[in-house]
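Enquirer: Questions regarding the structure given below will be posed in turn.
The values are calculated or read from the model by the stated rules, or taken from the named source; none is laboratory data. What you are looking at is a predicted structure, and each value in this text was computed from that prediction instead of being measured. Using ideal geometry, Cβ is built from the backbone for each residue, glycine included, and neighbour counts are taken over all protein chains shown.
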Amino acid sequence: MFPAGSSSLALDEGPPSAHANTKAHRGGDVVIMTNGPGEVCSWVQAAATAIKDASDTDEHAHSNGVFAALAPCPHASGREVSALGKQKAIDGVAAPRQFLWLLLLGRAFFVVRQAAANVVARLMRRKVPAARARRLRQRGVVLFLGGDQMLAILLAWRLRYRCVLYAERAVLWPNLASAYVLRSRAQLAHVPARWRHKCHVSGDLLLALARKRESTAAQSTKRSSPSETIVGVLPGSKRAKLRIGAPFFLSSAASLMSQMSTDGVKPPRFVLPLAPTTTADDLQACLDDTTDDLAKRFGWLIGRARVEMFEADSDDVRERCGSYEHVGHVVADHRDGELVVELWAPSSDSGGVPPFELYASMDLALTTVGTNTAELGALGVPMVVCLPSHAIEDFRGAAGGLLGLLMQLPLGVGAAVARRVNLALLSQSGHLAWPNMWADAAGVTPPVPELVGRVSPEEVAESAASLLVDATARDSVRDALKRLASAQEEDTGEGGTPTQEVVRCVFAQM
């Protein structure tokens, strides 16, 4: 399948040490392959910035270009290209719909795309773009940070680059990759002995990013009183998750407000930070009963919630917390009164960084599964994790191959296949929240409650209320999360931060 002389798949020689002197490497380009919003706003930004910084401080090395290639992903928000374009360390982005063209055109892709854009601009009598693209260098590395590992290997083969894959969970193709960077030393046990020389333990990238911001996370939102509690509402950023998560988690917040009021406890202050790839319009669309039939099927707060943004020309000073600012409210009519949830969004100078400071100010978070559970866990924020399966057929990217194709069939066939496959995967998945997976690996009791399946907002509210009214229980969860996070950090293995280890491995392959 692959030519023996391919520079990215030289299987007869082990890759250079990940700790080779980075000053000895020759200049080249790094193409980061990724897919979803969580990876774009965390791993990619950190890795791209570190690669650029290492190049700028290395007087013996040529400057390294950093490009991003977005692989097709059914769960993408559609705004990953825009988010990557705002990252100063990224020199060029190939959109998901252009991925096949990148494979076909190889290193000439960015030049051909620019030439085509110039021709179109002249034909339409528009201003020709001032930006000038260049051909990718002959020497380079494809760095996998999300998506399908095989696509990264194919891209590296086409570009004749080396291929470095960050394995968050499974090491799938050690015989074809140039090097693997592993999240945990325990992953080595699942790699055949003959390929272990290609594997380097870096530690958990997500955990490291959150812990790095922990020192600045002391900056938090202002509380009206010392007894005020803040509850975060995190419905997700991927389109399929947000469609269900927005009305479901807001309904859970409304139920929590009602339950605490009934018990004579002051309701908490609710905050909802928008993901860098999500807008207020996306949120409103998920809450509008004219967009889908979820209201008829499940009720919740669909059709009874509205997003109210502050006036753009308002003279009011907006409250800021780290890289996020308070931009408006989500207001919902509920049987026991009006639910008001503060809406927070990235500031114009945020650079697409997750809201670590806002996370740190929360006493509790109501969240779906995903990268945010690792970020919350690293900061020691208690959480209730929920994955409602009421419309699980909306998730069409859980399986690849033939099943993945069958999920895309029309006339209800794809939905039926997706429902059966997703339910089967859920039944075999074990814990889904990252802190609980850390606990499983350590052989200790999982600290985070997980509610998976056709759960109701009232069940989520009950689980959250039990933690909110018991400060001792919250402190116990917080301590357990920090212990687990510290244990993960101790598994970095080879010195340096996880991001530094990834960069060293990339430069060693250059």
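Enquirer: Which of the residues belonging to region 184-205 are surrounded by fewer than 18 Cβ atoms within 10 Å (Cβ to Cβ), closer than 21 Å to A441 by Cβ and in contact (Cβ under 8 Å) with a residue 60 or more places away in the chain?
Expert: Listed by number, the residues that qualify are R185, A186.
Enquirer: Determine which single condition P382 fails, assuming it passes every other condition in (1) under 19 Å from the mean Cα position of the chain (by Cα); (2) surrounded by 24 or more Cβ atoms within 10 Å (Cβ to Cβ); (3) over 23 Å from V307 (Cβ atoms).
Expert: The one condition P382 does not meet is (1).
Enquirer: Any chance region 224-236 includes a residue that's part of a loop (DSSP other than H, G, I, E, B), surrounded by fewer than 22 Cβ atoms within 10 Å (Cβ to Cβ), assigned by TED's automatic domain parsing to the domain that holds H329 and modelled with pLDDT of 90 or more?
Expert: Yes, region 224-236 contains a residue that is part of a loop (DSSP other than H, G, I, E, B), surrounded by fewer than 22 Cβ atoms within 10 Å (Cβ to Cβ), assigned by TED's automatic domain parsing to the domain that holds H329 and modelled with pLDDT of 90 or more.
Enquirer: Inspect region 70-83 for any residue being at pLDDT below 75 and either among the polar types (S, T, N, Q) or touching a strand residue (DSSP E or B) at 6+ places or on another chain (Cβ under 8 Å) (or both) and give the result as yes or no.
Expert: Checking region 70-83: at least one residue is at pLDDT below 75 and either among the polar types (S, T, N, Q) or touching a strand residue (DSSP E or B) at 6+ places or on another chain (Cβ under 8 Å) (or both).
Enquirer: To continue, here is another question. Among the listed residues D363, D349, which satisfies the condition of being within 28 Å of V44 (Cβ to Cβ) and either modelled with pLDDT under 90 or charged (D, E, K, R) (or both)?
Expert: So the residue among D363, D349 that is within 28 Å of V44 (Cβ to Cβ) and either modelled with pLDDT under 90 or charged (D, E, K, R) (or both) is D349.
Enquirer: Can you run down the residue pairs with Cβ atoms below 7 Å, 6 or more apart or on separate chains, where the first is in region 156-183 and over 15 Å from L206 (Cα atoms) and the partner is among the hydroxyl-bearing types (S, T, Y) and surrounded by fewer than 22 Cβ atoms within 10 Å (Cβ to Cβ)?
Expert: As it stands, the answer is W157/S6; R160/S6; R160/S7; Y161/S7; R162/S7, since those pairs meet every condition given.
Residue-wise test of (1) more than 21 Å from L366 (Cβ to Cβ); (2) surrounded by fewer than 16 Cβ atoms within 10 Å (Cβ to Cβ); (3) among the acidic types (D, E); (4) touching a Gly at 6+ places or on another chain (Cβ under 7 Å).
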residue: R454; (1), (2), (3), (4): no, yes, no, no
residue: E458; (1), (2), (3), (4): no, yes, yes, no
residue: L467; (1), (2), (3), (4): no, no, no, no
residue: A473; (1), (2), (3), (4): no, yes, no, no
residue: V477; (1), (2), (3), (4): no, no, no, no
residue: L481; (1), (2), (3), (4): no, no, no, yes
residue: A508; (1), (2), (3), (4): yes, no, no, no
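Enquirer: Among (1) modelled with pLDDT of 70 or more; (2) crowded, with 17+ Cβ neighbours inside 10 Å; (3) among the aromatic types (F, W, Y), where does F395 come up short?
Expert: (1)
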